[in-house]
Structure formats: C-alpha cells, structure tokens
Amino acid sequence: MLLDVPTLFTVSTGIVAFLGMFLFFAWIQDRSIRALAWWAAAYLVGGAGVALWMLDKSVSPPLPFGFGNALLFVACGMIWNGARLFHGGRVEPLVLCAGGVVYLIACQFPLFAQSGTHRVVLSSIMVSAYAFFTARELWFERRNRRHARWAALFVPLLHGLVFLPPIALALTQPDGFGVAPLPVGWKAIFILEALLYAVGTAFIVLMMTKERVEHIHKTAAATDTLTGLLNRRGFLERAQALIARHSSSDRQLTALMFDLDHFKSINDRFGHATGDEALRVFAKTIQNTMREGDILGRLGGEEFVAVLPATIADAERAAERVRAAFQIAGVEIGGHRMGATVSIGAACSSMAGCNIDQLLSRADAALYAAKEGGRNRVTCASDETTAPRLVAVPPSQHPTIETVSDLLRAA
Ligand code: GH3
Ligand code: MG
Ligand code: MG
C-alpha cells in the first residue's frame, strides 16, 4: 500500500479541525461542561498546528521557526487542562503553555534548530508528558465510581508510550536523525497513531460529557431545590435501592416521618419566606444529626422522611436527637422568636421483603398518633401489626418558648 505522507497530513488536519468544530457545537448545545469548550479549542489549535508544521519552512518567517510544533504542544496542554477542569481542577495556564514556549525558545538556538535529533527528542518528550498528565487526571477521575474511565485512561497512556521509542531511537542514532530521514512507513504510522488518538479522544470526551450531563440532570430531578435534600422521587429511588441491596439480609430498616408542628401558623405569623427558612433549618438539623448511611428526603410541604438501616430502638434514639435538636434550633429562626418543633412517627420492618409504601404509611400513622398525643414527640409503631405506641415527651411537657429558653440557658 502506498502511503503518501503529505496527503496523510492534509487529511489529518482536516479531520482534527472537523472534530474541533464538532466538539464546539456539542458545547454550544449545553454549556454546563466548560471542559468541552477547552477540548474543542484544543482540536482547533492542534489542527492549525499540524497545518503550520507542514508549511513550516514556507511560513517562517514571518512566523518563528517551530511555531507549528509549539501550537501542537499548546493543544496537548489544553487537552490536559480540559481533563483537569472536568473533575473540578483549576486551569494551569503556565504549565499549559510551557511546552510550546520551551520549544520556541529552544528553536532560537541554531544548535537545536538544525539538529533533527534534538527536535525529535524534545517534541516526543512534550507529547508524552502531556499525554501522561492527561492520563493521570483521568486516573484520579476513575476513583469517582460513577463512570467507567478505563478507555479514557488507556488511550492517552498508549499515546504517551508510542512517543517514547523515538526518544531512544534518536539518542542512539548519529546526529542528523529527524523526522525527514525516517522511513515513510514509520512516518505514516506516527501520523495514523496521532489521528487515531485524536478521533479516540474526541469520542471519549463526548461520552464523558454525555455521562456528566445525564448525571447533572438526574441529580437535579431527584433534589429538592429549597433544602437540597432528596425529593420524594429521589428518596424513594434511594430507599428502594437500599432495600434491594439488602434483600437477603436479616437487618432491620426503620422509617421516620417528620412533620413540623403548627407550620401553617408559622407562615401566617412570620411570612412564607421565614417559613421557608424554618424548613431549611430543619433540613440542616436532620443532616447534622443523622448518620451518613441514613437516607433523608423532603416529601413535600413541611413533611420530611428518613430511612435508617437500624432497629426501632436505635431509630427512636436518633429521632429523639432530631426532635431535641430542632426544639433548640427552632427557638429563633430568621430573627423571629418562633418556638418551632417537630413531631415524628417511626415504623420498622425487616429489610428482606420490605414494602416501602407500607412501611411509610405505618410511620405516617405513628406520626398522626404523635400529633394526637400533643406534638413535639416521637411515636413508634410497636411492630408490623399493633397500633402505634407513644413515647418521649408527655403532653404536659409540651415546651413553650419560655421552657425552651430555659433549656438553652442551661445548655
Ligand atoms: P400540624 O401541626 O398538624 O402539622 O399543623 P400544620 O399547620 O403544620 O399542618 P398543615 O398541613 O395544616 O399546614 C402545612 C402548611 O405548610 C400549609 C402550607 O401553606 C405550608 N407549606 C407547604 N409547603 C410550603 C413551603 O414550601 N414553604 C412554606 N413556607 N410553607 C409551605
Ligand atoms: Mg403536614
Ligand atoms: Mg405540620
């Protein structure tokens, strides 16, 4: 097969530029992933770099000798920066440009500019270094178990490795070794590898972006915007998943239903905005009081829910901690002496064969009993068949603002 190197270069430049435009339009569609814009720009800069590299002799001057190569290294740096940005890192403009700048400075020395060996060694070091940097970023991203990153890791790693042999080859050859005297077959292989890398990376970048956008949308659909807790849908999904994971376990699962007391009156007395603030304070209270593995959500209005992989006795203690903590946090909210409290219903089931709807309606019945019993208390449904059992604060101790103030003073 006859491989014509100038044709390969021209085709590669066209393909890289086309991929750049493609990534750019993908970014225009959804601008939430900034890394995509960096990757798109890297392809366009890289395409320009390859084009200038082909014309190097005829365009320098006015452009400095080696400008095409320098642009290519900047493009490699931009791909690396895109990977950094993608998992929340910062842009590193100095490191990004370092490869290109170092190469341009080196080209000002005739000893370097005229030595094919030196140019090949430095170029290969630059390409490999940026490829390994990119692989390293994606390796850290791999720890984020949401995504399978093996392809994303493997492609830049391979690209970095492919550019290592020229260093060894160049160093073992007499001076004068460079790209020009390389056999045509080798040049073609390097061009094809670089092209494959460009196409493969664009494909991986699009897949990663698609996964990320899906994740953002999924999280938004499962989150309550006021409190940042899971909403009803998100909560039910997570609770079902927990039950499915422990379907053959003999562990217990307890549901807690929370309902703020006299919340309508809080809205009426202090306004809706302060009511919202009370809801946020309660959300913070349960987040701070309950354990990592507990699933918390807001079902709607002033009703919250939690499921805990715990026995009813343990869950009752957790519920009592929430009740007491909110009694303190609710004394004053948004600058108003509010005296907000919460009533809690608890119900327990074994994980195996647990029906979440039934469990929640039993916890809801227990909550109703807590309201009936005087509010600001925890009520447990004794077991799966019997009626709710009242525990915790007896009605006579239902706190007034004064008693809560005493409590705070004592604390
Ligand atoms: P109880 O002690 O029996 O639970 O009485 P309550 O007043 O808390 O119960 P009720 O169900 O009568 O009132 C709930 C109130 O919650 C009515 C509604 O206006 C208010 N509410 C629902 N969603 C929101 C919200 O997102 N923000 C605010 N500020 N209020 C809300
Ligand atoms: Mg309610
Ligand atoms: Mg209420």
| Is it true that R291 is touching a strand residue (DSSP E or B) at 6+ places or on another chain (Cβ under 8 Å) and within 16 Å of ligand 2 (Cβ to nearest atom)? | no
| request: Spot the failing condition for F282; the list is (1) more than 18 Å from T341 (Cβ to Cβ); (2) within 16 Å of ligand 2 (Cβ to nearest atom), and only one is missed. | output: (1)
| remark: Scanning the stretch 339-385 for residues that are in contact with a helix residue (DSSP H, G or I) (Cβ under 7 Å, 6 or more places away or on another chain), free of Cβ contacts under 8 Å to residues at least 60 places away in the same chain and among the polar types (S, T, N, Q) gives T379
| field | Condition met for M338 (touching a His at 6+ places or on another chain (Cβ under 8 Å) and buried (at least 16 other Cβ atoms within 10 Å of the Cβ)) | value | no
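Table: residues versus (1) surrounded by 15 or more Cβ atoms within 10 Å (Cβ to Cβ); (2) under 21 Å from the mean Cα position of the chain (by Cα); (3) at pLDDT 75 or above.
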{"position": "R149", "(1), (2), (3)": "yes, yes, no"}
{"position": "L161", "(1), (2), (3)": "no, no, yes"}
{"position": "G185", "(1), (2), (3)": "no, no, no"}
{"position": "H217", "(1), (2), (3)": "no, yes, yes"}
{"position": "G228", "(1), (2), (3)": "no, yes, yes"}
| For the stretch 260-274, which residues satisfy the criterion of being more than 10 Å from ligand 2 (Cβ to nearest atom) and either among the acidic types (D, E) or touching a Gly at 6+ places or on another chain (Cβ under 6 Å) (or both)? | I266, N267, D268, T274
| If you take the residues in the stretch 281-303 that are within 11 Å of ligand 1 (Cβ to nearest atom) and assigned to a loop (DSSP other than H, G, I, E, B), which one is surrounded by the fewest Cβ atoms within 10 Å (Cβ to Cβ)? | G301
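Just to verify a result, which residue in the stretch 335-361, among those that are within 16 Å of ligand 2 (Cβ to nearest atom) and of a type in the set (S, T, N, Q), is modelled with the lowest pLDDT?
Keep residues of the stretch 335-361 that are within 16 Å of ligand 2 (Cβ to nearest atom), which gives 340-345, 360-361.
Within this subset, residues satisfying the condition of being of a type in the set (S, T, N, Q) are 341, 343, 361.
Numbers: T341: 97, S343: 98, S361: 94.
In this case the residue turns out to be S361.
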| query | Yes or no: G275 within 16 Å of ligand 1 (Cβ to nearest atom) and modelled with pLDDT under 95? | reply | no
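Out of A306, A278, A315, which single residue is closer than 20 Å to L226 by Cβ and assigned to a helix (DSSP H, G or I)? Can you show your working first?
Values: A306 fails: assigned to a helix (DSSP H, G or I); A315 fails: closer than 20 Å to L226 by Cβ.
None of the other options fit; the residue is A278.
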| task | Go through V307, V322, V331 for me and flag whichever is in contact with a strand residue (DSSP E or B) (Cβ under 9 Å, 6 or more places away or on another chain), more than 25 Å from R233 (Cβ to Cβ), more than 16 Å from ligand 2 (Cβ to nearest atom) and of a type outside the set (S, T, N, Q). | result | V331
| query | Looking at A26, is it part of a helix (DSSP H, G or I), surrounded by 13 or more Cβ atoms within 10 Å (Cβ to Cβ) and touching a residue at least 60 places away in the same chain (Cβ under 8 Å)? | reply | yes
| field | Cross-chain or 6+ apart pairs with Cβ under 8 Å, the stretch 210-236 first and free of Cβ contacts under 8 Å to residues at least 40 places away in the same chain, then acidic (D, E) | value | A222/E237
| For residues in the stretch 260-269 being of a type outside the set (K, R) and more than 38 Å from the chain's Cα centre (by Cα), which is farthest from ligand 1 (Cβ to nearest atom)? | D268
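Do you know which of the residues in the stretch 237-260 that are touching a strand residue (DSSP E or B) at 6+ places or on another chain (Cβ under 6 Å) and not in a strand (DSSP E or B) is surrounded by the most Cβ atoms within 10 Å (Cβ to Cβ)?
Of the residues in the stretch 237-260, the ones touching a strand residue (DSSP E or B) at 6+ places or on another chain (Cβ under 6 Å) are 238-239, 252-260.
Add one more test, that the residue is not in a strand (DSSP E or B), and what stays is 238-239.
Working: R238: 16, A239: 22.
Result: A239.
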| query | Could you give every pair whose Cβ atoms fall below 8 Å, whose first residue belongs to the stretch 106-119 and is in the same structural domain as F67 (by TED's automatic domain parsing), and whose second residue is surrounded by fewer than 19 Cβ atoms within 10 Å (Cβ to Cβ) and of a type in the set (D, E), counting only separations of at least 6 or pairs across chains? | reply | S115/D175; G116/D175; T117/D175
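Within the stretch 284-301, can one find any residue that is free of Cβ contacts under 8 Å to residues at least 60 places away in the same chain, within 16 Å of ligand 3 (Cβ to nearest atom) and over 18 Å from A363 (Cβ atoms)? Write out each step before concluding.
Of all residues in the stretch 284-301, those free of Cβ contacts under 8 Å to residues at least 60 places away in the same chain come to 284-294, 301.
Narrowing the set further to residues that are within 16 Å of ligand 3 (Cβ to nearest atom) leaves 285-286, 301.
Next, from what is left, pick out any that are over 18 Å from A363 (Cβ atoms): 285.
Looking for residues that are free of Cβ contacts under 8 Å to residues at least 60 places away in the same chain, within 16 Å of ligand 3 (Cβ to nearest atom) and over 18 Å from A363 (Cβ atoms), one finds at least one in the stretch 284-301, hence yes.
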| message | within 16 Å of ligand 3 (Cβ to nearest atom) and surrounded by fewer than 20 Cβ atoms within 10 Å (Cβ to Cβ): is that true of S265 in this structure? | response | yes
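The values are calculated or read from the model by the stated rules, or taken from the named source; none is laboratory data. From a predicted model like this one, the values you see are computed outputs, not experimental measurements. Because the Cβ atoms are built from the backbone with ideal geometry, glycine has one as well, and the counts that use them run over all protein chains shown.
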